[in-house]
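Asker: Before we start, here is the structure in question, set down as structure tokens.
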Amino acid sequence: IQDYCSNKTIAVIGNSNNLLKTNYSKVINSCDVIVRMNHGPTFISKYSNHIGSLTDIYVGSMSKIELVKNNINKANPKFNLFLIRHHEDQNKLQTSDIQNAYVGSYQEYQELRKQFQPPKHKPSTGIVIINFFIKNINFDRLLLFGFDSFESSNQNRNEFNSFLYKDQIGR
């Protein structure tokens, strides 16, 4: 994954409702590497004129491995990046049947989480992806689409069925 992304323009596509107010398809599809997360690939057919149609790297959480495996089939990515958010996720690693799977570091996630204040905040999948690319990949440019710090939804899930962690603060 490091070699594949080296010196390239990488587009990380978030799941903000604000993406539906844009027409970034051509810009997104013109990037060298396109990264989608969680439920993102399931919405390509419905919203491709807003979010593009390609996926090179799919990112999902090990805590939802069955959902992730279903989305891999929809995205057909070149690489799969799995995030470990909980120590017990390491015991569930069943990625041997998935081609080009890379498993993120539990320690790296914990280091990132310590930076969030108050401590009950959890870094979103998008923040973890951005952190991963900044720390591990020698990219040329990192472009972010669909990240709006929760401004586009006041519900538990947005149009892209993305869970909003802010709604869990203090629980």
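The values are calculated or read from the model by the stated rules, or taken from the named source; none is laboratory data. Everything numeric in this text was worked out from a predicted model, so none of it was measured. So basically every Cβ, Gly included, is an ideal-geometry build from the backbone, and we count neighbours across all protein chains shown.
Asker: Report yes if GLN99 is more than 29 Å from THR9 (Cβ to Cβ) and at pLDDT below 75, otherwise no. Give the steps one after another, and end with the answer.
Answerer: On the way: more than 29 Å from THR9 (Cβ to Cβ): no; at pLDDT below 75: yes.
So GLN99 fails the test.
Asker: Among the numbered criteria (1) at pLDDT below 80; (2) assigned to a helix (DSSP H, G or I), which one does GLU111 miss?
Answerer: Going through (1) at pLDDT below 80; (2) assigned to a helix (DSSP H, G or I) one by one, GLU111 breaks only (1).
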